[in-house]
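*Asks:* Once you've had a glance at the structure underneath, I'll fire off some questions.
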Amino acid sequence: MDFLILPKVTVNLPTTTTNKHNWSFPIGVQLADPAYFERKGVDLVLGIESFFDFFQTGRRISLGAGNPSLNESVFGWIVSGGISAPNRSLQISCNASTLDDLDMLISRFWSCEEMESGKALSPEERRCEDSYIRTVQRSSDGRYTVSLPKQEEAISRLGDSRNIAYRRLQGTERRLARDPSLKKQYHDFMEDYFKLGHMRLVEEAELEAVKRCYLPHHPVVKEASTTTKVRVVFDASCKTATGVSLNDVLLAGPVVQEDLRSIILRTRTRQILLVSDVEKMFRQILFPSEDRPLQCILWRTLSDEVARTYELSTVTYGTKPVPFLATRTLQQLALDEEKNFHSPQRRLSTTHIWMT
């Protein structure tokens, strides 16, 4: 037979010492275990596949009613069976030990069921948030001015970008020449950009005064849009001559709006849902004059004209911190105006802002 050797097979058996004084054994019976009535350790466990080979004769002797019987085996006679004993109260004890504090376990259990109320900011996200708090301003007409969250030490790594911006302008002009309708919408967009003061013409005398970064631009067509079907997007990821783009030196900032799941769940708690759209949302937010040279473009209405330099003065499509700056400014608006629209029955909550 093959056996497994273990430190301990099981508990001592029988569980209690048995009183055998009233049992009468026949003369000449040789027991396989003369100390069968004492609690002892188990030395060997044999499986059922061998069990019946030990009882070949089938001889059995009863020790009387309520007592066990003797069964002959190859080892000798074995005492087996149940016995009747006076009723005794059976005491069962169950002990448990834990090193964890119960209050802490309950707290951890409920924390698994809670929805996340906020998240810790990474060092870069914290740097971006601190920059926003430090530089945000609001003019008398209510318009906000924010600074580009940038890595100041990396600005010097930006190389020449005018040449590639000019080549990209030529490519855009060739595309517009093949589609008169797209060309008209593109020119109308740029004209509107200029008239609203969202970009300004840079005079020749100003060009060399500061370091400038030029952004290529191209059209994005969205036929499903109910407002602006053609939008000009500025490519801040375009590499300069040194292989570094404007987006490479800007900070993205944290996600400050709620996730879509939370917003959808909240719509089921009230009967009325209000949805609104902020017109030209990005372009409602200005940049200070010292940041605008980092957002220059080349533009002309006719391909045989000289391409002129324009500075973009508002938050610009295509730059990395745009989502953060826009949503964070909307939250700042809610914080600044809370005192003007607060009432005991209705309180403005900045966490319920959602934008598309």
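*Asks:* Tell me the Rg and the Dmax, in Å, that the Cα atoms of segment 202-341 produce.
*Replies:* Expressed in Å, the Cα Rg and Dmax of segment 202-341 come to 18.8, 60.
*Asks:* Scan around Thr309 for amide H atoms under 5 Å from its own, H built in the peptide plane at 1.01 Å from N, and keep only partners 5 or more places away or cross-chain.
*Replies:* Here the answer is Val202, since their amide H atoms fall under 5 Å of that of Thr309.
*Asks:* At what distance in nm do the modelled label points of Gln170 and Glu204 sit from each other, each positioned 7 Å from its Cα along Cα→Cβ?
*Replies:* Modelled inter-label distance: 2.2 nm.
*Asks:* Local charge sum around Ala177 (other residues, Cβ-Cβ under 14 Å, Lys/Arg +1, Asp/Glu -1)?
*Replies:* +3
*Asks:* How many lysine pairs in segment 157-264, separated by 8 or more positions in sequence or lying on different chains, have Cα atoms less than 25 Å apart?
*Replies:* Step by step, the pairs that qualify in segment 157-264 add up to 9.
*Asks:* What is the percent carbon and sulfur in the accessible area of the chain, measuring with a 1.4 Å probe over the protein chains and ignoring ligands?
*Replies:* Whole-percent figure for carbon plus sulfur exposure: 53.
*Asks:* Quick check: net charge around Leu246, other residues with Cβ under 10 Å of its Cβ, Lys/Arg +1 and Asp/Glu -1?
*Replies:* Taking every other residue near Leu246 into account, the sum is +1.
*Asks:* Among 207-216, 187-196, 38-47, what's the highest-first ranking by average C-beta atoms within 10 angstrom per residue?
*Replies:* Ranking the peptides 207-216, 187-196, 38-47 by packing returns 207-216, 187-196, 38-47.
*Asks:* Once you list every other residue whose beta carbon is under 9 Å from the beta carbon of Ile78, what net charge do they have if Lys and Arg are +1 and Asp and Glu are -1?
*Replies:* -2
*Asks:* Would you kindly compute the Cα radius of gyration of the chain and its largest Cα-Cα separation (Dmax), both in Å?
*Replies:* 42.9, 130
*Asks:* Per residue, how many Å² of accessible area does the chain show with a 1.4 Å probe?
*Replies:* About 69 Å² of surface per residue is accessible.
The values are calculated or read from the model by the stated rules, or taken from the named source; none is laboratory data. This structure is a prediction, so every number in the text was calculated from the model and none was measured. When we count neighbours, we look across all protein chains shown, and the Cβ atoms used for this are built from the backbone with ideal geometry, even at glycine. Quick note on the areas: whole protein, heavy atoms, side chains included, nothing else; ligands and nucleic acids left out. Shrake-Rupley method; radii C 1.70, N 1.55, O 1.52, S 1.80 Å.
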